[in-house]
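First up is the structure itself, then whatever we jot down about it.
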Amino acid sequence: MWQLITVSLGLGVGLSMDACAVSMSNGLSEPDMKTGKALGIASLFGVFQGLMPMLGWLCVTLIVEQFAKFELWIPYIALVLLVIIGGKMIYDGAKKGEEENKKKLTFTVLLVQAVATSIDALSTGFGLADIAGSVWWKALISAGIIAVITFGICLGSVYLGKKFGAKLGKKAQILGGCILIAIGLEIFVTGVFF
């Protein structure tokens, strides 16, 4: 059990790094964000970072062959989603004035970000199956630990982004878009070439 908890803690920190950067980007682009929205962003990222390894575990324990075919497309999907969102942020930040630039993050945008940053965690389910075996509650405990760690890291990242976003003004949205594109490229290069 201690091995499961230790590995889950490490996975939680490792898997949350993409979501951490995107959360910071969200804080940069919306420095006047309310506490409820910051909690919502951290919760959404936490849920998806915990859900994806659980889905990967289910795939490994139930339908391994089908998942192996889908796994090849994960880096491409993440790249496309993050480049589209990041490109739009850069375009909006460069095109619009300061007062129009304070465009709010919608639930749809946040949902796409959560999926894009957590989709690579599906393959973590393979490792989860090695550790938890076919015991569902062990896999659930691991996924819960990953979700809680991601929540905490993302909440802190949103507030850090807000602090710097207020100082950067309209350039914050451009910087946030660049961060999203960089994360998409990192997921793509790591998934395809390594």
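The values are calculated or read from the model by the stated rules, or taken from the named source; none is laboratory data. Bear in mind that the values here come from a model prediction, so they are computed numbers and not experimental data. Quick reminder, even Gly has a Cβ in these numbers, built from the backbone with ideal geometry, and neighbours come from all protein chains shown.
So PRO75 fits all but one of (1) crowded, with 18+ Cβ neighbours inside 10 Å; (2) at pLDDT 85 or above; what number is the exception?
Looking at each condition in turn, PRO75 falls short on (2).
Which numbered condition trips up PHE67, out of (1) of a type in the set (A, V, I, L, M, F, W, C); (2) modelled with pLDDT under 85; (3) closer than 19 Å to GLY177 by Cα?
(3)
Can you name the residue in the range 154-184 that is surrounded by 23 or more Cβ atoms within 10 Å (Cβ to Cβ) and aliphatic (A, V, I, L, M) and is also farthest from LEU62 (Cα to Cα) among such residues?
Top of the filtered list is ALA172.
For the range 149-163, state whether one or more residues are more than 24 Å from LYS34 (Cα to Cα) and either assigned to a helix (DSSP H, G or I) or modelled with pLDDT under 90 (or both).
No; the residues of the range 149-163 include none that is more than 24 Å from LYS34 (Cα to Cα) and either assigned to a helix (DSSP H, G or I) or modelled with pLDDT under 90 (or both).
Could you please let me know if LEU4 is in contact with a Lys or Arg (Cβ under 8 Å, 6 or more places away or on another chain), in a helix (DSSP H, G or I) and over 16 Å from ALA114 (Cα atoms)?
yes
If you scan the range 19-61, which residues turn out to be surrounded by 23 or more Cβ atoms within 10 Å (Cβ to Cβ) and not in a helix (DSSP H, G or I)?
GLU30
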